[in-house]
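Peer 1: The structure is given below, and queries will be raised subsequently.
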Amino acid sequence: MTALGLLVPGEPAEDDYPRVEQLLGSDIRIDLIRADPAGDSPQRLAACTEELRLAGADSVVWASVTGAVAEGWEGANGQVRGLARTAGLPASSTAFGFVRAARELGVTRVAVVTAHEDPAFTEFLRAGGVSVVSTTPLGPDLAASAHPAAHADAQALLLPDTSLRTVTHLPALERQLGKPVLTAHQITVWEALRLTERRVNAPRLGTLFTREPIVQA
């Protein structure tokens, strides 16, 4: 059994994680703990990570893009190092997961669709070697909003909002666009698995879960 420990900000869309768990197979478990590494006290954060460790987590990921990129690339690195020290486990964040997933897919240019445009996220991606060629506001129709990712210069579409339920839409979006789609909950779980050195073939979770690694990060 591989147990993935996720520190989540607490949003209704987090019911996507049980859906991911079902698609991964019976030997992978996803444990969620609500916490804010940027705002919680050290005592609260230590209690959260200790709870995950005692539950048998093999890795820890801070599952908030906004919370991770607010302090820039170096600040996000410091945040992850702090989580690793507190948890005594390999640690990362969803923000770093986006960068590593792009590298694994050989992607350097992306389109972003988001409900809340965040220049800090664009700068974070740039620091990781990924350029944003277009940013489009999220509309009521996810598929229609994703259409700008068909832009010839974009090699993939990013949906970084943790407030979106996206897991069930991944196969249809990738068929529509003809390119990889990377979403917050999908990336969070992939990054947690990467930390445990697990590779899982799960086509219903998108191209990222069917590709052999291009690079090791």
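Peer 1: Considering each residue of the stretch 193-208, count those that are surrounded by 16 or more Cβ atoms within 10 Å (Cβ to Cβ), out of contact with any Ser or Thr (no Cβ under 6 Å at 6 or more places or on another chain) and not in a loop (DSSP other than H, G, I, E, B), and give that number.
Peer 2: Residues meeting the conditions: 5.
Peer 1: Please go through the stretch 87-98 and pick out each residue that is at pLDDT below 95 and assigned to a helix (DSSP H, G or I).
Peer 2: 87
Peer 1: Given the options 84, 101, 146, 70, name the one that is buried (at least 18 other Cβ atoms within 10 Å of the Cβ) and at pLDDT below 95.
Peer 2: Working: 84 fails: buried (at least 18 other Cβ atoms within 10 Å of the Cβ); 101 fails: at pLDDT below 95; 70 fails: buried (at least 18 other Cβ atoms within 10 Å of the Cβ).
Among 84, 101, 146, 70, only 146 is buried (at least 18 other Cβ atoms within 10 Å of the Cβ) and at pLDDT below 95.
Peer 1: When you go through 27, 31, 40 one by one, which is the residue that is of a type in the set (Asp, Glu), more than 16 Å from the chain's Cα centre (by Cα) and surrounded by 14 or more Cβ atoms within 10 Å (Cβ to Cβ)? Let's see the steps before the verdict.
Peer 2: On the way: 27 fails: surrounded by 14 or more Cβ atoms within 10 Å (Cβ to Cβ); 31 fails: more than 16 Å from the chain's Cα centre (by Cα).
Only one candidate qualifies: 40.
Peer 1: Right, something else. Name the single residue, out of those in the stretch 149-176 being more than 18 Å from residue 101 (Cα to Cα) and among the hydrophobic types (A, V, I, L, M, F, W, C), that is surrounded by the fewest Cβ atoms within 10 Å (Cβ to Cβ).
Peer 2: In this case the residue turns out to be 152.
Peer 1: Does residue 217 satisfy the condition of being modelled with pLDDT under 95 and either under 21 Å from residue 132 (Cα atoms) or not acidic (Asp, Glu) (or both)? Give the steps one after another, and end with the answer.
Peer 2: On the way: modelled with pLDDT under 95: yes; either under 21 Å from residue 132 (Cα atoms) or not acidic (Asp, Glu) (or both): yes.
Against the criterion (modelled with pLDDT under 95 and either under 21 Å from residue 132 (Cα atoms) or not acidic (Asp, Glu) (or both)), residue 217 qualifies.
Peer 1: In addition: With (1) farther than 20 Å from residue 169 by Cβ; (2) hydrophobic (A, V, I, L, M, F, W, C); (3) not assigned by TED's automatic domain parsing to the domain that holds residue 38; (4) not in a helix (DSSP H, G or I) as the list, and residue 121 as the residue in question, which single condition is left unmet?
Peer 2: If we test residue 121 against (1) farther than 20 Å from residue 169 by Cβ; (2) hydrophobic (A, V, I, L, M, F, W, C); (3) not assigned by TED's automatic domain parsing to the domain that holds residue 38; (4) not in a helix (DSSP H, G or I), just (4) comes out false.
Peer 1: Would you pick out the residues in the stretch 108-149 that are under 15 Å from residue 183 (Cα atoms) and either small (Gly, Ala, Ser) or in contact with a Cys (Cβ under 6 Å, 6 or more places away or on another chain) (or both)?
Peer 2: 111, 115, 143, 145, 146, 149
Peer 1: Out of the residues in the stretch 163-192 that are outside any loop (DSSP other than H, G, I, E, B) and among the small types (Gly, Ala, Ser), state the one that is modelled with the lowest pLDDT. Break it down stepwise before answering.
Peer 2: First pass over the stretch 163-192, keeping only residues outside any loop (DSSP other than H, G, I, E, B): 167-177, 181-192.
Subsequent filtering for residues that are among the small types (Gly, Ala, Ser) retains 172, 184, 192.
Numbers: 172: 94, 184: 97, 192: 98.
Filtering the stretch 163-192 for residues that are outside any loop (DSSP other than H, G, I, E, B) and among the small types (Gly, Ala, Ser), the one modelled with the lowest pLDDT comes out as 172.
Peer 1: I've got another one for you. Among 13, 47, 57, which is the only one that is out of contact with any Cys (no Cβ under 7 Å at 6 or more places or on another chain), part of a loop (DSSP other than H, G, I, E, B) and either surrounded by fewer than 17 Cβ atoms within 10 Å (Cβ to Cβ) or aliphatic (A, V, I, L, M) (or both)?
Peer 2: So the residue among 13, 47, 57 that is out of contact with any Cys (no Cβ under 7 Å at 6 or more places or on another chain), part of a loop (DSSP other than H, G, I, E, B) and either surrounded by fewer than 17 Cβ atoms within 10 Å (Cβ to Cβ) or aliphatic (A, V, I, L, M) (or both) is 57.
Peer 1: Next up: Mind checking whether some residue in the stretch 170-188 is polar (S, T, N, Q) and more than 21 Å from residue 109 (Cα to Cα)? Steps first, please.
Peer 2: Filtering the stretch 170-188 down to residues polar (S, T, N, Q) leaves 176, 183, 186, 188.
Next, only the ones that are more than 21 Å from residue 109 (Cα to Cα) stay: none.
No, that holds for no residue.
The values are calculated or read from the model by the stated rules, or taken from the named source; none is laboratory data. All figures in this text were calculated on a predicted structure; none of them were measured in a lab. Methodologically, a virtual Cβ is constructed for each residue, glycine included, from the backbone with ideal geometry; neighbour enumeration extends over all protein chains shown.
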